[in-house]
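All remarks here apply to the structure that follows.
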Amino acid sequence: MEYYHGTRADLKEGDLIEPGYTSNYGSRRKANHVYLSATLEAATWGAELAQGDAPGRIYIVEPTGPIADDPNLTDKKFPGNPTKSYRSREALRVVGEVKDWKGHAPEVLQAMKDHVEKLRLQGIEAVDD
């Protein structure tokens, strides 16, 4: 199975994406996990919603340790794991980059950003890490 990670970080093949860095989401606290998906759609949201001004990027990654369902998108919001979203306490190794991905329509992206902001204002953390 191929896995993806959406971000704004400029990485190259062989780089490791590790926990312990500031999260791209919520209150931007130190992340205890790294996140990955088996769908390009979920990785696209990651690239588009990540903090910063750099262009969004989607990397093909391989986990270096065990992965588990991401509770931010599974049991809390969707029964099972239809988004095929996962997290790990171990690093992800970059093995390639998806260059031809398509972002969401501007109005769809803005609606999602508005939703995330509404949750933030309500004190709801977007990422349960």
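Please verify whether region 117-124 includes one or more residues that are closer than 18 Å to Ala31 by Cα, part of a helix (DSSP H, G or I) and at pLDDT below 95.
Checked region 117-124: at least one residue is closer than 18 Å to Ala31 by Cα, part of a helix (DSSP H, G or I) and at pLDDT below 95.
Six or more apart or on different chains, Cβ under 7 Å: which pairs go from a residue in region 30-48 that's within 13 Å of Ile60 (Cα to Cα) and in contact (Cβ under 8 Å) with a residue 40 or more places away in the chain to one that's charged (D, E, K, R) and surrounded by 22 or more Cβ atoms within 10 Å (Cβ to Cβ)? Could you list them?
Filtered contacts from region 30-48: Tyr35/Asp70; Tyr35/Arg87.
Among the candidates Asn81, Asn32, which residue alone is in contact with a Leu (Cβ under 9 Å, 6 or more places away or on another chain) and at pLDDT below 90?
Residue meeting the stated conditions: Asn81.
Just need a number here: residues in region 57-71 that are surrounded by fewer than 20 Cβ atoms within 10 Å (Cβ to Cβ) and modelled with pLDDT under 95.
Adding up the residues that qualify gives 3.
The values are calculated or read from the model by the stated rules, or taken from the named source; none is laboratory data. These numbers come from a predicted model, not from an experiment. Cβ: placed from backbone, ideal geometry, glycine included. Neighbour counts: every protein chain shown.
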